[in-house]
Amino acid sequence: MNQEPPSDSSSSMESIEIEFPKLLHHPFDLSLDEWKDSLAEGGISLKEFTSIKKIRPDSKSLNIIIVDGDSSDEDEIRALDEVCGREIPAAVVLVESPGNGAKRDGEPSSLLAGLVPKPIAIEPFQISIRAAFRQAAYRLAAHREENHRVIISRNLDNLTQIGIALSAEQNNHRLLDMILTRSRELTNADAGSLYLVEETPEGERSLRFKHTQNDSKTIPFKEFVMPATKASISGYVAVTGESLNIADVYQIPKGVEYGFNQSFDQSVGYRSMSMLVVPMTDHKNHITGVLQLINAKRSPEILLPEPAAAEEHVIPFDEAIQQIIGSLASQAAVALENAMLLESIEQTFEGLVKASVHAIEQRDPTTSGHSERVTELTCELAKAVSKTKTGRYTDVGYTEEQMKELRYAGLLHDFGKIGVRESVLVKANKLYPLELEVVKNRFAIIKRCILNEYQEKMLHYALKGEKEQVKKLETELELRLEESDKMIDLVLRSDVPTMMPGGEFEELLRLGEMTYTDFDGEQKPYLTPYELNCLTLQKGNLTDSEFAEIQSHVSHSYNFLVQIPWTRELRGIPEIAHGHHEKLNGEGYPRKLHEEEIVLQAKMMCVCDIFDALTASDRPYKKAAPLERAIQILKFEVKDNHLCPELVDIFIKDKVYQVVEAFADQEYEEPEPKS
């Protein structure tokens, strides 16, 4: 936008007449010496000219040009219109002999404000001069008003578009950058800063330096907080709510409450001159920030790398632009308040999500950190997929909102474990601790029953004096007790979820068929059918019903997540979490979906979930797999048509696993092919 060089004053005629010095141009042969003193009392200075063509009116003065109509032709007088234009406040007073005007038949000059007949009389001359000065002031006021209307009209559409853009932006940092960028575009400001108002519970206010831009200098940005007082320009605006439009901050008039600290300019070699500082006021009329624009220029292409360049090219900020920026600042304040409110809501939700995850993992401390690691891995894999240039995922890319959706899905993917019994979640072996204690106690009873049985027999034969029979029974008793100890040792070994050595499975089955006679004379099994079923598990430590209960956490997660009124951007979270245990061949759970039915985000999460389950720190029922072993297992899952081969390939080639702290410095190397 090309900005006109304005004045700091109001556009009213009265203020212009007061503000501008008065300059009276007159021909050198028309002496006004006898009136010089009286003109000076009226604040009028005199300036001679030898030719109309050599007149150069001063743009910073009210110019009255006395023209001798007897010796000047019409073209010369009309040429003054072009010399003065509309920017220079000027008017013409003709001094000529009576009847001379009849000789002119063309259009008069637009600057013509009065006619004084010769010989000049003081009273009509003074009246004409006063009228001419008023006309000059009027021309400038009219020009300013028209210029303001043009500026406002030209920027109303821009302001509307900016308002729409501000309302649409929800990221605080980008919003602050947009506010400053668009404000500088409207004003051709070389630099700008943005402060946010902060308030303590006790009501003490301060300003946080939040954002800055500068076209001419690369200035390191660092946030800082300063008191919100009238001593500084931005503080004054924040406290009073008044806008400040200063032509030169190095020449602030004495007596005002604010000042400008030049030390920053001196430290970076910059020259701040004109400054427009406006409050950012929200819909409740609360000042939430301060927008500070520095060094207006006639063109945005002009740079001010040195102080001398600023002295040459910087102009004051136009008052019409001040109104536009004031309106923009108010829109920005509302947009910023909305963005901060949204951010606050998101932070609250984020805290709730993390607290929920923490609560779930407290029920199963051995899996602590699993949800966070799966989230980090999945998001990193999504970024890697977005960068891929070949293969089936070339056109896949994720926006910031989609990444947020994926992140929340990752954090909450196991939330359904809240619906699984804690004893099942933390089950380390095939039997629960209390169940194993029951088995141990039973074997203690079995040993006691055996001991009682043999002691009775030995007592019987001892009373009969059959010592050999007693010794034989003692040997049998020792063997029976030793056999019982071996049996309980077998149970304890079988309780640990590892691969069972050959033969022990059959031993357990035989043990399941054995019975003993308790103290009441009843026949009881060494192991109940339930205990035998648990101890003979070939893989893992969970029974079918327990495994089904663990698997149900996916459905519980979905049923919980689907109840939340997600925003449009996050409504895919339930489906992503619902599919993180599905396999491409339909062997996953809970819905047994096939490849085309599983959303891509869930496929990625499945890869990462398996990897973390394999590599997580040692758990009671398994050891942590090293990186090479975990990658090999992922490849086996691909061969079994469980996982997407392209995703696993990207996971490996892009070293997605390095996002996990344990593998940050590790790198997978393909094993050498066997010869």
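The values are calculated or read from the model by the stated rules, or taken from the named source; none is laboratory data. All values derive from a computational prediction rather than experimental measurement. Because the Cβ atoms are built from the backbone with ideal geometry, glycine has one as well, and the counts that use them run over all protein chains shown. Surface areas here come from the heavy atoms of the whole protein model, side chains and all, with no ligands, DNA or RNA. Shrake-Rupley method; radii C 1.70, N 1.55, O 1.52, S 1.80 Å.
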**Report entry** Selection from region 638-661 of residues that are open to solvent by 70 Å² or more (accessible area, probe 1.4 Å), within 17 Å of Leu614 (Cβ to Cβ) and either modelled with pLDDT of 95 or more or more than 28 Å from the chain's Cα centre (by Cα) (or both)
**Finding:** Lys639, Asp640
Requested in this report: For region 40-66, name all the residues that are in a helix (DSSP H, G or I) and surrounded by 18 or more Cβ atoms within 10 Å (Cβ to Cβ).
Outcome: Ile52
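May I ask you to say which residue of Leu341, Leu328, Leu336 is under 30 Å from Leu196 (Cβ atoms), of a type outside the set (D, E, K, R) and open to solvent by 70 Å² or more (accessible area, probe 1.4 Å)?
Numbers: Leu328 fails: open to solvent by 70 Å² or more (accessible area, probe 1.4 Å); Leu336 fails: open to solvent by 70 Å² or more (accessible area, probe 1.4 Å).
Matching residue, one of Leu341, Leu328, Leu336: Leu341.
Of the residues Arg182, Arg154, Arg149, which is among the charged types (D, E, K, R), within 60 Å of the chain's Cα centre (by Cα), modelled with pLDDT under 85 and surrounded by 13 or more Cβ atoms within 10 Å (Cβ to Cβ)?
Values: Arg182 fails: modelled with pLDDT under 85; Arg149 fails: surrounded by 13 or more Cβ atoms within 10 Å (Cβ to Cβ).
One residue alone meets the criteria, Arg154.
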Query raised in the report: How about region 299-316: which of its residues are closer than 16 Å to Asp215 by Cβ and either over 34 Å from the mean Cα position of the chain (by Cα) or hydrophobic (A, V, I, L, M, F, W, C) (or both)?
Result: Ile302, Leu303, Leu304, Glu306, Pro307, Ala309, Ala310, Glu312, His313, Val314, Ile315
Query raised in the report: Residues Val225, Val239, Val277: which one is open to solvent by 60 Å² or more (accessible area, probe 1.4 Å) and assigned to a strand (DSSP E or B)?
Result: Val225
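Just checking, does region 261-270 include any residue being open to solvent by less than 70 Å² (accessible area, probe 1.4 Å), acidic (Asp, Glu), modelled with pLDDT under 95 and more than 26 Å from Gly163 (Cβ to Cβ)?
Let us first name the residues in region 261-270 that are open to solvent by less than 70 Å² (accessible area, probe 1.4 Å), namely 262-263, 265, 268-270.
Filter again for acidic (Asp, Glu), leaving 265.
Now narrow it down to the ones that are modelled with pLDDT under 95: 265.
With the extra rule that they be more than 26 Å from Gly163 (Cβ to Cβ), the set shrinks to 265.
The answer is yes; a qualifying residue exists.
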Requested in this report: Kindly indicate whether any position in region 391-400 is crowded, with 21+ Cβ neighbours inside 10 Å and either part of a loop (DSSP other than H, G, I, E, B) or hydrophobic (A, V, I, L, M, F, W, C) (or both).
Outcome: no
Query raised in the report: Cβ-Cβ below 7 Å, separation at least six or inter-chain, first residue in region 280-295 and of a type outside the set (A, V, I, L, M), second buried (at least 17 other Cβ atoms within 10 Å of the Cβ) and in a loop (DSSP other than H, G, I, E, B): which pairs?
Result: Thr288/Asp282; Asn295/Ser272; Asn295/Met273; Asn295/Ser274; Asn295/Leu304
**Report entry** Residue, nearest to Gln135 (Cα to Cα), within region 102-118, restricted to residues that are open to solvent by 30 Å² or more (accessible area, probe 1.4 Å) and at pLDDT below 85
**Finding:** Ser110
Query raised in the report: Restricting attention to region 607-625, does a residue exist that is open to solvent by less than 40 Å² (accessible area, probe 1.4 Å), within 22 Å of Thr390 (Cα to Cα) and touching a Leu at 6+ places or on another chain (Cβ under 7 Å)?
Result: yes
Query raised in the report: Only one of (1) closer than 30 Å to His578 by Cα; (2) among the small types (Gly, Ala, Ser); (3) assigned to a helix (DSSP H, G or I) is not met by Gly512, so which one is it?
Result: (1)
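Residue by residue, here is whether (1) open to solvent by 70 Å² or more (accessible area, probe 1.4 Å); (2) at pLDDT below 90 holds:
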| position | (1), (2) |
| --- | --- |
| Gly502 | yes, yes |
| Phe505 | no, yes |
| Thr515 | yes, no |
| Pro525 | no, no |
| Pro529 | yes, no |
| Leu535 | no, no |
| Gln538 | yes, yes |
| Leu542 | no, no |
| Ser545 | yes, no |
Requested in this report: Pairs only if they're at least six apart or on different chains, beta carbon under 8 angstrom, first in region 129-142 and open to solvent by 40 Å² or more (accessible area, probe 1.4 Å), second at pLDDT below 85; list them, first residue then second.
Outcome: Arg134/Met13; Arg134/Glu17; Tyr138/Met13; Arg139/Arg86
Query raised in the report: Looking only at region 557-570, which residues are open to solvent by 70 Å² or more (accessible area, probe 1.4 Å), in contact (Cβ under 8 Å) with a residue 40 or more places away in the chain and not hydrophobic (A, V, I, L, M, F, W, C)?
Result: Asn559, Glu569
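Test of understanding: among His358, His370, which residue is of a type outside the set (S, T, N, Q) and exposed (fewer than 14 other Cβ atoms within 10 Å of the Cβ)?
Numbers: His370 fails: exposed (fewer than 14 other Cβ atoms within 10 Å of the Cβ).
After applying the criteria, what remains is His358.
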Query raised in the report: Can you pull out the residues in region 410-456 that are farther than 30 Å from Glu483 by Cβ, open to solvent by 70 Å² or more (accessible area, probe 1.4 Å), out of contact with any Phe, Trp or Tyr (no Cβ under 9 Å at 6 or more places or on another chain) and assigned to a helix (DSSP H, G or I)?
Result: Glu422
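Taking region 355-372 as the search range and keeping residues that are charged (D, E, K, R), at pLDDT below 90 and part of a helix (DSSP H, G or I), which one is nearest to Ala624 (Cα to Cα)?
Filtering region 355-372 for residues charged (D, E, K, R) gives 361, 363-364, 372.
Restricting the remaining residues to those that are at pLDDT below 90 gives 361, 363-364.
Adding the requirement that they be part of a helix (DSSP H, G or I) leaves 361, 363.
Working: Glu361: 18, Arg363: 21 Å.
Looking at residues that are charged (D, E, K, R), at pLDDT below 90 and part of a helix (DSSP H, G or I), I get Glu361.
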Report task. Any chance you could count how many residues in region 14-39 are surrounded by 13 or more Cβ atoms within 10 Å (Cβ to Cβ), at pLDDT 85 or above and assigned to a loop (DSSP other than H, G, I, E, B)? Result -> 1
